[in-house]
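Everything below concerns the one structure shown next.
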Amino acid sequence: MEEFIAKHREEIAGVLSGFDRLIFQGTLRSISYPEGMMGYLWAKQVRLTEFGRHVLRVSERLKQACRAKAEALKRPMKYLASAGESKEEVARGIAAREKIEEGLVCVLSCVEPCQTFDVYRNRETRKLELVSRIRKCLFLYHYWIHREFGFLNARIQTWFPFSKQVCMNGREWLARQMGRAEIHRCGVSAGARVAAVVPATGALRDNHAGEHRRGRLKFVARRKEITD
């Protein structure tokens with residue numbers, strides 16, 4: 001990039017850089033470690049011998065809530081047999097085919113590795129213990145086209161501790177902000193306009209880093225299809 005800029009320096013009015021993909025991760029911190037999860041089980045009066053059944057019941061409630069929301073909005077819910085299949089391509093294909101411009105596009109699911117819990121029998125103490133372990137479980141991918149953020153997805157783990165990951169396209173978000181600010185793309189010939197667009201767009205870009213701290217992404221955590 002530096003070589004390109006140096007070569008075309010006289011033709012460049014400004015350089016704009018920003019985020020490509022933005023990923024926000026979260027989990028339920030109080031139950032994200034074995035001791036915290038044990039506190040949850042104690043509060044729910046769930047024995048370790050009943051842990052597996054309890055996990056399946058809670059996981060099924062989450063999946064049913066997601067399914068109900070998708071059905072209410074008449075959006076497809078599709079299982080992908082391979083975690084390597086491009087979920088974004090599948091979701092964008094559905095959006096294009098059904099001409100979706102805003103709202104939930106689809107809910108995709110697949111089995112992937114996850115950080116969760118397991119019950120372990122300690123041979124020395126001859127007691128059951130709850131341990132953190134890498135296993136595989138079903139993940140749900142909710143794809144939306146949001147009025148402000150554009151095309152994005154939320155990845156939800158269906159086993160405890162229900163980690164969440166929101167992924168969005170920074171360039172698409174910036175393009176939508178530019179549209180609202182009436183900043184349009186222009187060619188090299190319009191040098192004066194480029195010189196004005198670069199600083200103005202840079203100001204919009206700089207907002208990206210702080211937007212989530214002001215709670216602009218709270219709508220994701222509050223969505224019924226995720227939290228129920």
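The values are calculated or read from the model by the stated rules, or taken from the named source; none is laboratory data. Bear in mind the structure is a predicted one, so any value in this text is a computation, not a measurement. Because the Cβ atoms are built from the backbone with ideal geometry, glycine has one as well, and the counts that use them run over all protein chains shown.
Taking Ala96 and the conditions (1) aliphatic (A, V, I, L, M); (2) assigned to a helix (DSSP H, G or I); (3) surrounded by fewer than 19 Cβ atoms within 10 Å (Cβ to Cβ); (4) touching a Ser or Thr at 6+ places or on another chain (Cβ under 9 Å), which numbered condition does it fall short on, given that it satisfies the others?
It is condition (4) that Ala96 fails.
Among the residues that make up the range 42-61, is at least one of them among the β-branched types (Val, Ile, Thr) and free of Cβ contacts under 8 Å to residues at least 12 places away in the same chain?
For the range 42-61, residues among the β-branched types (Val, Ile, Thr) and free of Cβ contacts under 8 Å to residues at least 12 places away in the same chain: present.
For residues in the range 63-92 being among the acidic types (Asp, Glu) and without any contact (Cβ under 8 Å) to a residue 60 or more places away in the chain, which is nearest to Val111 (Cα to Cα)?
Restricting to residues being among the acidic types (Asp, Glu) and without any contact (Cβ under 8 Å) to a residue 60 or more places away in the chain, the top hit is Glu85.
Return only the number of the condition from (1) surrounded by 11 or more Cβ atoms within 10 Å (Cβ to Cβ); (2) more than 13 Å from Trp159 (Cβ to Cβ); (3) modelled with pLDDT of 95 or more that Gly14 does not satisfy.
All conditions pass for Gly14, except number (3).
Could you say whether any residue in the range 82-94 is of a type outside the set (Ser, Thr, Tyr), closer than 30 Å to Tyr33 by Cα and in contact with a strand residue (DSSP E or B) (Cβ under 8 Å, 6 or more places away or on another chain)?
yes
Identify, by number, the condition in (1) surrounded by 11 or more Cβ atoms within 10 Å (Cβ to Cβ); (2) within 21 Å of the chain's Cα centre (by Cα); (3) hydroxyl-bearing (Ser, Thr, Tyr) that Tyr79 doesn't meet.
(1)
What are the pairs with Cβ atoms under 9 angstrom where one residue, in the range 126-138, is in contact (Cβ under 8 Å) with a residue 60 or more places away in the chain and the other, located anywhere, is in a loop (DSSP other than H, G, I, E, B)? Sequence gap at least six, or different chains.
Hits for this filter: Leu128/Arg47; Ser132/Ser32; Ser132/Tyr33; Cys137/Thr158; Cys137/Trp159; Leu138/Thr158; Leu138/Trp159.
Just need a number here: residues in the range 66-75 that are at negative phi and surrounded by fewer than 16 Cβ atoms within 10 Å (Cβ to Cβ).
5
If Leu174 passes every condition in (1) outside any helix (DSSP H, G or I); (2) modelled with pLDDT of 80 or more; (3) surrounded by 15 or more Cβ atoms within 10 Å (Cβ to Cβ) but one, which one does it miss?
Of everything listed in (1) outside any helix (DSSP H, G or I); (2) modelled with pLDDT of 80 or more; (3) surrounded by 15 or more Cβ atoms within 10 Å (Cβ to Cβ), Leu174 misses just condition (1).
Among residues belonging to the range 113-123 that are of a type outside the set (Asp, Glu), modelled with pLDDT of 95 or more and surrounded by 12 or more Cβ atoms within 10 Å (Cβ to Cβ), point out the one that is farthest from the chain's Cα centre (by Cα).
Restricting to residues being of a type outside the set (Asp, Glu), modelled with pLDDT of 95 or more and surrounded by 12 or more Cβ atoms within 10 Å (Cβ to Cβ), the top hit is Val119.
Restricted to the range 29-68, and to residues that are among the small types (Gly, Ala, Ser) and part of a helix (DSSP H, G or I), which residue is farthest from Arg121 (Cα to Cα)?
In this case the residue turns out to be Ala68.
Per-residue answers, yes or no, for (1) surrounded by fewer than 20 Cβ atoms within 10 Å (Cβ to Cβ); (2) modelled with pLDDT of 95 or more; (3) farther than 17 Å from Phe51 by Cβ:
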| position | (1), (2), (3) |
| --- | --- |
| Val111 | yes, yes, yes |
| Thr125 | yes, no, yes |
| Leu128 | yes, yes, no |
| Val131 | yes, yes, no |
| Leu138 | yes, yes, yes |
| Ala154 | no, yes, yes |
